[in-house]
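Okay, structure first, notes after.
The values are calculated or read from the model by the stated rules, or taken from the named source; none is laboratory data. What you see is a predicted model, and the numbers here were worked out from it, not measured in a lab. Neighbour counts run over all protein chains shown; Cβ positions are idealised from the backbone, glycine included.
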Amino acid sequence: MSASGQPTSLSAKRVFVAGHRGLVGSAIVRHLEAETGNEILVAPKASLDLRNQAAVNEWIQAQRPDEIYLVAGTVGGIWANQTRPAEFLYDNLMIHSNVIDAAYRSDVGKVLYLGSSCIYPRHASQPISEDALLQGPLEKTNEGYAIAKIAGIKMCEFYREQYDCNFISAMPTNLYGPNDNFDLESSHVLPALMRKFHEAKVNGTTDVEVWGTGSSLREFLHVDDLADACLFLMENYNEESHINIGTGVDLSIRSLAEAIRDVVHPGGRLVFDHTKPDGTPRKVLDTTKLEDLGWKPKINLLDGIEQTYQWFLDHLADGSLRGL
Ligand code: GFB
């Protein structure tokens, strides 16, 4: 379908979810399975390295998907981003470029490319609207990742402009939920603190290390809400501009840590490690554009933390947690 076409029906398509094992990709697969009659295509890492241009071209040419959710990438929390910037820049540039260009070459009808709220300037005015992009310097701790993500957004825009491809991009806020990464070096804050409070409880200790000062403000969206928004956008959104996905509500890292403590280990005590970075002081998205289209999140943060902790316990028992 051309960039100016009508909304796409969600039934009976061949849909490639690039990055199906991750937090986001696995949620999108769950939602596609539950809500559509689509044939879902996935490419395990062992059989397809998305950084390999020839392999990606060949795979997409052979599989001929109608639509692609491009949610693959090298991702991680503040520490992984800060200490592995070359990897975050290279892997993500390659993956995004290869998949977007192959989608164009194989006439894929629609691509949804997922970015991240770290694309916006460190001192963007809050809440951050879509037009803040490229209006100021980026946050240093995730500059490599942000630059790769910005390149992906621009690729979608330029392939639309030059080749009339219906490639759209969406920018989610910080995410959490089932299938998150619980490795303490590379995870994001929410799964890291969930694991730390859990281990303190199990070990009969109280102190839990919280990185930074606790004063940074962040917004958290459950990945099931994110997946729901992605399916909604695939069906209803066909514009050049990227679009924010979030709750529009933020809280301090201290408040988040207290909320996780209350769910996981009420006897726990927060101990702040000031040698670790705070990152961007505040990052809350302006979600007016998505709300005006008729989409809103459903899962509030406390329910989401409780549900994710239950999921953590269930999967701890069967040894299938990522990063543990
Ligand atoms: O989740 P997080 O790593 O992502 O960190 P960012 C958020 C805040 O939580 C920072 C603090 O201020 C951290 O210092 N924090 C406290 C912790 N304790 C911990 C802990 O045990 N682990 C972690 N990881 N943080 C990433 C970006 O930034 O967010 C990416 O680097 C991406 O590019 C992603 O955009 C969504 O929000 O700081």
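Restricting attention to the stretch 298-324, which residues are charged (D, E, K, R), free of Cβ contacts under 8 Å to residues at least 24 places away in the same chain and not in a helix (DSSP H, G or I)? Outline the logic, then answer.
Our first condition is that a residue be charged (D, E, K, R); within the stretch 298-324, this holds for 298, 303, 306, 314, 318, 322.
If we keep only those that are free of Cβ contacts under 8 Å to residues at least 24 places away in the same chain as well, we get 303, 314, 318.
Correct list: Asp318 only.
Return the only residue of Met234, Met171 being outside any loop (DSSP other than H, G, I, E, B), in contact with a Lys or Arg (Cβ under 7 Å, 6 or more places away or on another chain) and either under 22 Å from Asp131 (Cβ atoms) or more than 16 Å from the ligand (Cβ to nearest atom) (or both).
Numbers: Met171 fails: in contact with a Lys or Arg (Cβ under 7 Å, 6 or more places away or on another chain).
Within the list Met234, Met171, the selection yields Met234.
Pairs, please: C-beta under 9 Å, at least 6 apart or cross-chain, first residue acidic (Asp, Glu) and within 7 Å of the ligand (Cβ to nearest atom) and in the stretch 72-94, second in a helix (DSSP H, G or I) and modelled with pLDDT under 95?
Matching pairs, first to second residue: none at all.
Condition first: closer than 30 Å to Leu293 by Cβ and in a loop (DSSP other than H, G, I, E, B). Now tell me which residues in the stretch 237-278 satisfy that.
The answer is Tyr237, Asn238, Glu239, Glu240, Ser241, His242, Gly246, Thr247, Gly248, Val249, Asp250.
Tell me which strands (runs of 3 or more DSSP E) are completely within the stretch 1-104 and hold 1 or more residues being modelled with pLDDT of 95 or more and crowded, with 23+ Cβ neighbours inside 10 Å, or say none if there are none.
On the way: elements: 14-18, 39-41, 67-70.
Qualifying strands (runs of 3 or more DSSP E): 14-18, 67-70.
Which of the residues that make up the stretch 298-319 are closer than 26 Å to Ser216 by Cα and away from the ligand (no atom under 16 Å from the Cβ)? Lay out the reasoning, then the answer.
Filtering the stretch 298-319 down to residues closer than 26 Å to Ser216 by Cα leaves 298-309, 312.
Once the filter is applied, which keeps residues that are closer than 26 Å to Ser216 by Cα and away from the ligand (no atom under 16 Å from the Cβ), the stretch 298-319 yields Lys298, Ile299, Asn300, Leu302, Asp303, Glu306, Gln307.
Could you list, in sequence order, the residues of the stretch 286-305 that are buried (at least 16 other Cβ atoms within 10 Å of the Cβ) and over 22 Å from Glu235 (Cα atoms)?
Selection gives Leu301, Gly304, Ile305.
Pairs only if they're at least six apart or on different chains, beta carbon under 7 angstrom, first in the stretch 198-226 and free of Cβ contacts under 8 Å to residues at least 60 places away in the same chain, second part of a helix (DSSP H, G or I) and within 12 Å of the ligand (Cβ to nearest atom); list them, first residue then second.
Once the first residue is free of Cβ contacts under 8 Å to residues at least 60 places away in the same chain and sits in the stretch 198-226, its partners that are part of a helix (DSSP H, G or I) and within 12 Å of the ligand (Cβ to nearest atom) give Gly214/Ile253; Gly214/Arg254; Gly214/Ala257.
Among the residues of the stretch 249-269, write down those that are under 13 Å from His198 (Cβ atoms) and touching a strand residue (DSSP E or B) at 6+ places or on another chain (Cβ under 8 Å).
Selection gives Arg261, His265, Gly268.
Please work out which one of (1) polar (S, T, N, Q); (2) in contact with a Phe, Trp or Tyr (Cβ under 9 Å, 6 or more places away or on another chain); (3) under 23 Å from Arg282 (Cα atoms); (4) more than 9 Å from the ligand (Cβ to nearest atom) is the condition Asn142 fails and give its number.
(4)
List the pairs whose first member sits in the stretch 284-297 and is polar (S, T, N, Q), whose second member is at pLDDT 95 or above and surrounded by 13 or more Cβ atoms within 10 Å (Cβ to Cβ), and whose Cβ atoms are under 8 Å apart, counting only residues at least 6 apart or on separate chains?
Listed pairs, sorted by first residue: Thr287/Pro127; Thr287/Asn244; Thr287/Ile245; Thr287/Gly246; Thr287/Thr247; Thr287/Gly248; Thr288/Ser129.
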